[in-house]
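Beneath this line is the structure, given in structure tokens, with notes to follow.
The values are calculated or read from the model by the stated rules, or taken from the named source; none is laboratory data. As the structure is a prediction and not an experimental result, all values here were calculated from the model. Please note: Cβ atoms are built from the backbone with ideal geometry, for glycine as well, and neighbour counts cover all protein chains shown.
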């Protein structure tokens, strides 16, 4: 009886069909319909209107800024993530568990709060504000603030992928390389990195997707200066608030594109990443 | 190249792994570092390799202190307990690694690397597996790849951490004989860690027995086996039965047994214990002048030997090993009462603090 219940062919055909249909319905309702809606709305006034919205100087400026921010924040977080993975995965030291918890902090803190903290520290009346103003290096309502906010919010993505994996692989291979005469850099490039490359790529993709799409923290520090401190998500919001629905959705298709590419890459990488964990 | 360890002490937090340990491995010798788990043997091996730093004491290779030298400069071959093969590299690249990471000036040519890796893989009888990944090999094959990789850098000493620890019994026996033959062939100064006394007795030229971070005895296998200097050594190198009692007036009185003990001629008694190895006990159906009765509770087969368990009246159970011939001659059945005579009783005075619980 039990063995029968455990076999994948068990259960009546009707139940299986019903469950499958329910899963597809949920998927359609929450994923496919909204996605279709984004594109339908974006092309409501035709392809010409769509292109005009996407090619608007403000939209292009937002796209450039978004790419710039991602181009700074992602490499930084790859470096931080590798450092955190290395330190937390391969060594035992006092304060390690505190550091481990800190890696997750950006997930626990609301992005809006993170943005407000940046304003508190770097803003005009903040801790470092007067000093920064005196040296003509604005952080809040400028690009550095947006970069900082993005770095903070996207920090855990690479680190969280690497820490458990590096912990599982241990440091024996590194020790073996050392005994065989390899220096730190050689060991890192030829032993450590190849062991985590798929997880690193996976984390980097997630990190990039989030860096491009981050809204809350960036919104607080950006100041919404059109053409200067608006990233793509902020630009979508501005257009939407101005009742330019078609324009808002046209720009939103760019972000949706990033999400779709991420999804495909994730699916492609998923298997290799799982293999690496063995 | 000889290895000398002088007064090495090492603690991890409040746990002292090694206390003032000294030992020497002569040039070309194969020495076993034997001890129960937690005795500090792996820590000592890692200190010799330079992977761990001693709190006090020094390590000398051929008379030169290697303390300040990084492991990569010590020219050692190290075989890790779980092999630590580079999982993303083929067997060939694993073995070639040590040659490829040499500084530019000393790096052998690609041709030379190929030739030497080929030779080493032949030496460990795996030349047909060069392009496999470590994950595709059996435990015994991985073990031999690890050895080939360690030898590729032409080390001055070879250190092996539980080299046969994670293999099944049959492969283990085969590999340790092979290692002994290989050592006889290349004569590389070698030190291997093991918790398996059989392995140490069979393979090593000399055994250094560690317990709780101290060297308990150091000598050739026969010496440790025949002339153990403490009950711990005796117990660790084989199954023993213990008879508690006392010594007085030149005799040891151990329950029903009484043997001469000339080292203690005094009248006042001192606590002592007699130890008899499980194969040094005779069983018979008739009582003699020394010995005692015990009932047979269990008979188990261990290859060529039979393991018997007997329960004497009011004492702890005894372990006895009989050869098949002697068992056939006696044919005892469980439940039967037999007369027990220890053939070779070794008596040690019991120290006020037992050596196992310091």
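Would a scan of region B:207-214 turn up a residue that is assigned to a strand (DSSP E or B), surrounded by fewer than 20 Cβ atoms within 10 Å (Cβ to Cβ) and modelled with pLDDT of 90 or more? Scanning region B:207-214 turns up at least one residue that is assigned to a strand (DSSP E or B), surrounded by fewer than 20 Cβ atoms within 10 Å (Cβ to Cβ) and modelled with pLDDT of 90 or more. Once region B:73-84 is narrowed to residues that are within 24 Å of residue A:196 (Cα to Cα) and within 8 Å of chain A (Cβ to nearest Cβ), the residue that is modelled with the lowest pLDDT is B:82. Return yes or no: is residue A:150 part of a helix (DSSP H, G or I), at the interface with another protein chain (Cβ under 10 Å from one of its Cβ atoms) and at pLDDT 90 or above? It is false that residue A:150 is part of a helix (DSSP H, G or I), at the interface with another protein chain (Cβ under 10 Å from one of its Cβ atoms) and at pLDDT 90 or above. Per the listing B:300, B:250, the residue uniquely out of contact with any helix residue (DSSP H, G or I) (no Cβ under 9 Å at 6 or more places or on another chain) and either under 30 Å from residue B:219 (Cα atoms) or modelled with pLDDT under 85 (or both) is B:250.
With respect to the conditions (1) more than 9 Å from chain A (Cβ to nearest Cβ); (2) modelled with pLDDT of 90 or more; (3) within 27 Å of residue B:4 (Cα to Cα), residue B:117 falls short on a single one, namely (3).
Of the residues making up region B:225-240, just one is buried (at least 17 other Cβ atoms within 10 Å of the Cβ) and at pLDDT below 85, namely B:238. So is residue A:174 part of a helix (DSSP H, G or I) and within 12 Å of chain B (Cβ to nearest Cβ) or not? So residue A:174 passes the test. Scanning region A:185-199 for residues that are at the interface with another protein chain (Cβ under 10 Å from one of its Cβ atoms) and within 20 Å of residue B:103 (Cα to Cα), we see that the one that is surrounded by the most Cβ atoms within 10 Å (Cβ to Cβ) is A:191.
Going by what's in this entry, would residue A:272 be described as over 17 Å from the mean Cα position of the chain (by Cα), away from every other protein chain (no Cβ under 14 Å) and in contact (Cβ under 8 Å) with a residue 40 or more places away in the chain? No; evaluated as a whole, the condition is false for this residue. Is there a residue being surrounded by fewer than 19 Cβ atoms within 10 Å (Cβ to Cβ), over 24 Å from residue A:174 (Cβ atoms), at pLDDT 90 or above and assigned by TED's automatic domain parsing to the domain that holds residue B:21 anywhere in region B:89-109? Looking for residues that are surrounded by fewer than 19 Cβ atoms within 10 Å (Cβ to Cβ), over 24 Å from residue A:174 (Cβ atoms), at pLDDT 90 or above and assigned by TED's automatic domain parsing to the domain that holds residue B:21, one finds at least one in region B:89-109, hence yes. For region B:292-337, the set of residues classified as within 27 Å of residue B:245 (Cβ to Cβ) and in a loop (DSSP other than H, G, I, E, B) consists of B:313, B:314, B:315, B:316, B:317, B:332, B:336, listed by residue number.
Among the residues of region B:47-72, just one is under 15 Å from residue B:25 (Cα atoms) and facing another protein chain (nearest Cβ under 8 Å), namely B:49. Of all residues assigned to region B:165-172, none qualifies as being over 13 Å from residue B:29 (Cβ atoms), modelled with pLDDT of 90 or more, away from chain A (no Cβ under 14 Å) and under 15 Å from the mean Cα position of the chain (by Cα). Of all the criteria given as (1) away from chain A (no Cβ under 14 Å); (2) within 18 Å of the chain's Cα centre (by Cα); (3) touching a residue at least 40 places away in the same chain (Cβ under 8 Å), the one not satisfied by residue B:162 is (1).
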